[in-house]
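Structure first, commentary second.
The values are calculated or read from the model by the stated rules, or taken from the named source; none is laboratory data. Remember, it's a predicted structure, so these values are computed and weren't measured experimentally. Using ideal geometry, Cβ is built from the backbone for each residue, glycine included, and neighbour counts are taken over all protein chains shown. Heavy atoms of the whole protein, side chains included, go into the accessibility calculation; ligands, DNA and RNA do not. Shrake-Rupley method; radii C 1.70, N 1.55, O 1.52, S 1.80 Å.
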Amino acid sequence: MPGIEKLPIEETLEDSPQTRSLLGVFEEDTAAISNYCTQLYQAMHRIYDAQNELSAATHLTSRLLKEYDKQRFPLGGDDEVMSSTLQQFAKVIDELSSCHAVLSTQLADAMMFPITQFKERDLKEILTLKEVFQISSDDHDTAINRYSRLSKRRDNDKLRAEAVEDVYTSRKKQHQTMMHYFCSLNTLQYKKKTALLEPLLGYMQAQISFFKLGSENLTQQWEEFLGTIGTSVQNVRREMEEEVGQMQQTIQDMERSCDPLYAPCDPDPAHSPVCRNLTRKQGYLHIRNKTGLVSTSWERQYFFTQGGNLMQQGRGEVAGGLVTDLDNSSVMAVDSDDRRFCFQVTSFDGKKVVTLQAESRKDCEEWISTINNISKRIYLSENAEELAARVNQSALEAVTPSPSFQQRHESMRPSSKGRAGRAGSISSVGSEPSPALSVLSLDALVAPETPIQFDIISPVSEENSGQSKTAAQTGRRSNPFGESGDSTSEDSEDSILHQLFIVRFLGSMEVKSTESADVISETMRQILAARAIHNIFRMTESHLLVTCDCLKLIDPQTQVTRLRFPLSTVIQCSSHQDNKRLFGFVLQPAGGRGDSRAVCYIFESNNDGEKICDSVGLAKQIAFHSEMDRKASEKRKEQDKAKEKQQEELSKQRQIEKDLEEQSRLIAASSRPANSANPPPSDGQFLVLSNSQSEDSDAGGEEGKKKGESEA
């Protein structure tokens, strides 16, 4: 006979929708068998009870056997051997419809007993197991919902222990009941053949024994046919017994091996470690659905990955429905107020966000790793698991969070000497790669073992000491957060551009290459991969203030500046090609472009990453033109000072000459009356007066010079 359809007992613990759908087919087949068996039983019972109606009863039996091939059995409906065999029996029974009623005693033992046993024992046992399985399934769903609603904040050990025990008991009961139910349904596929063939075989044997050697209708040919059918029945029975033994052994093995899996808590990591190399996964998760403006609800669904898509399927559904596209998506663990082990999947365009809850931390980490591998399109390669293992191993070796961000930031704090004229460094991650990038590998952009900083620590320890000393000397009050009031007011007054953005800090790390436009894209990839691997989901929210002098990260609560980056140290700023909410900038330390310790900072904004980059580029252009204007103004001032100094020297020289001329005129005027009053002296006297007058004139000239110089 052809193969027997069976339910997979190994999939009872997973309890997937596919298994439930297959179970529904078997239950429908059982109902059809039960209906058909009831009719056949009634027909045979009429043979036994009514001697006068024996002919009509056998005729009805023959007719029912002829209609077997018209029955729509979900399983085994196309069994040609069974259909032809029943057709042969129908012909014989139709010919023997007028036999004597003396056969009633023999028919009671050979015909009615097997069909009665099948109807009253086997079918009722299956119905009872079905009811028990339904009750255990409902109890398991109730226990799972109660366990999932455990509060994280108001944690109660007693309630948690009761919930875990309830889930363990209900899951174990459901699993065991389901395995025995499947075993009975599989056994029924064999028993339905024997239950139909054995009564007919007993009926024919009773007829042969009644007629002894038989009659014309019961020849040796029919005996051989009946012998062949008997052998076939025995073979089916032996095959059924072997299959029942194997199923019982499978049930015992699975009961022993699956006992630790009944509890929803995390198993022993030594025996069941987290597998991060998966590219396909399926199982039950809770999904958060929005039911109102601010209200949400959780629903338990069966989720599975299909290629690059995340699918969900409810019980009773034939096929699954699309949840979201996982290609180039992002996934990270999130902290929910009322649920544990939650993670969030964001589509590549950031428009769709799905929040899911797993049963345990191990299951949550495996889902995150699987979705992360699918988002990188690893599943498209031939050896997907090997490639995922290599990628995850390199990521684990490359991403180790650094505990000391403050020291690194202090060592890289830029000097006060700005570098103006670098307004053309703003680029886009999605632009065409430079020719130099074809030669550089990813390791040439970011070092494989570079530590990553995931939080912001204000570097104020050393600045506070310096500010306190300065405040003590000058008598002025210092700001304990590292920002002086004069610098803030000066920046606010002098800066032309003021733009404020809400950002969330994702991480920062040192980079090797500062000239390549793809260094920010590679840094984003490594930081997001590190957050997914280490389950880091908290982000520090700040206000980014863009001015013509610097970039400031301001605490939104206290309005205190956390970090300040001079604009001259910002080499380049760009956003992500696909996810425009992500952007970053490269900061050059005080050592200049030759220093290898450049730092790349990555942020997430509210859908305006390109706008922030444009704003930074505009600020650098304004700063560049302002610097050029300042230099031109200083040059003009120097030229004006030189002209003023030259004019002062000329006016001073003219004043001195004027004073000398006035002194000479006064001397000449004072010498004229003395010459007219005295007689002409002798030659000796004239020489003496001439000498004295010359001395007076010389003295007057020197006094006039000193006076002119003092006035000047």
*Any idea how many residues of region 21-68 are open to solvent by 50 Å² or more (accessible area, probe 1.4 Å) and either outside any helix (DSSP H, G or I) or within 20 Å of residue 81 (Cβ to Cβ) (or both)?*
5
_Criterion violated by residue 264 - all others in (1) touching a Ser or Thr at 6+ places or on another chain (Cβ under 7 Å); (2) part of a strand (DSSP E or B) satisfied_ = (2)
*Among residues belonging to region 352-384 that are part of a loop (DSSP other than H, G, I, E, B) and farther than 16 Å from residue 288 by Cα, point out the one that is modelled with the highest pLDDT.*
360
*asked:* Quick check on region 1-14: of everything there that is assigned to a helix (DSSP H, G or I) and within 30 Å of residue 232 (Cβ to Cβ), which residue is most open to solvent (accessible area, probe 1.4 Å)?
replied: 10
*Filtering region 501-534 down to residues that are open to solvent by 30 Å² or more (accessible area, probe 1.4 Å) and part of a helix (DSSP H, G or I), which residue is farthest from residue 328 (Cα to Cα)?*
534
*In region 564-578, how many residues are out of contact with any Asp or Glu (no Cβ under 7 Å at 6 or more places or on another chain) and either in a helix (DSSP H, G or I) or surrounded by 22 or more Cβ atoms within 10 Å (Cβ to Cβ) (or both)?*
7
*Look through region 613-628, keep the residues that are open to solvent by 60 Å² or more (accessible area, probe 1.4 Å) and touching a helix residue (DSSP H, G or I) at 6+ places or on another chain (Cβ under 9 Å), and return whichever of them is nearest to residue 575 (Cα to Cα).*
618
*Kindly provide the set of residues from region 629-657 that are touching a residue at least 40 places away in the same chain (Cβ under 8 Å) and open to solvent by 80 Å² or more (accessible area, probe 1.4 Å), ordered by number.*
652
_Test set (1) more than 15 Å from the chain's Cα centre (by Cα); (2) surrounded by 20 or more Cβ atoms within 10 Å (Cβ to Cβ) - residue 315 fails condition number_ = (2)
*In region 340-359, what count of residues is obtained for those that are more than 11 Å from the chain's Cα centre (by Cα) and open to solvent by 20 Å² or more (accessible area, probe 1.4 Å)?*
7
*Restricting attention to region 319-339, which residues are open to solvent by 40 Å² or more (accessible area, probe 1.4 Å), touching a residue at least 24 places away in the same chain (Cβ under 8 Å) and not in a strand (DSSP E or B)?*
328, 335, 337, 338
*How many residues does region 270-305 contain that are assigned to a strand (DSSP E or B), over 18 Å from residue 141 (Cβ atoms) and among the β-branched types (Val, Ile, Thr)?*
2
*asked:* Taking the criterion of being more than 21 Å from residue 516 (Cα to Cα), in a helix (DSSP H, G or I), at pLDDT 80 or above and in contact with a helix residue (DSSP H, G or I) (Cβ under 7 Å, 6 or more places away or on another chain), would at least one residue in region 595-609 satisfy it?
replied: no
_Total residues in region 124-162, condition open to solvent by 70 Å² or more (accessible area, probe 1.4 Å), under 30 Å from residue 35 (Cα atoms) and of a type in the set (S, T, N, Q)_ = 2
_Any chance residue 382 is more than 23 Å from residue 137 (Cα to Cα) and of a type in the set (Asp, Glu)_ = yes
_Any residue at all in region 163-170 that's within 41 Å of the chain's Cα centre (by Cα) and surrounded by 21 or more Cβ atoms within 10 Å (Cβ to Cβ)?_
yes
*What is the one condition in (1) out of contact with any Asp or Glu (no Cβ under 8 Å at 6 or more places or on another chain); (2) touching a residue at least 60 places away in the same chain (Cβ under 8 Å); (3) buried (at least 16 other Cβ atoms within 10 Å of the Cβ) that residue 17 does not satisfy?*
(1)
*asked:* Given the criterion surrounded by 10 or more Cβ atoms within 10 Å (Cβ to Cβ), hydroxyl-bearing (Ser, Thr, Tyr), part of a helix (DSSP H, G or I) and modelled with pLDDT under 75, identify the matching residue among 676, 694.
replied: 694
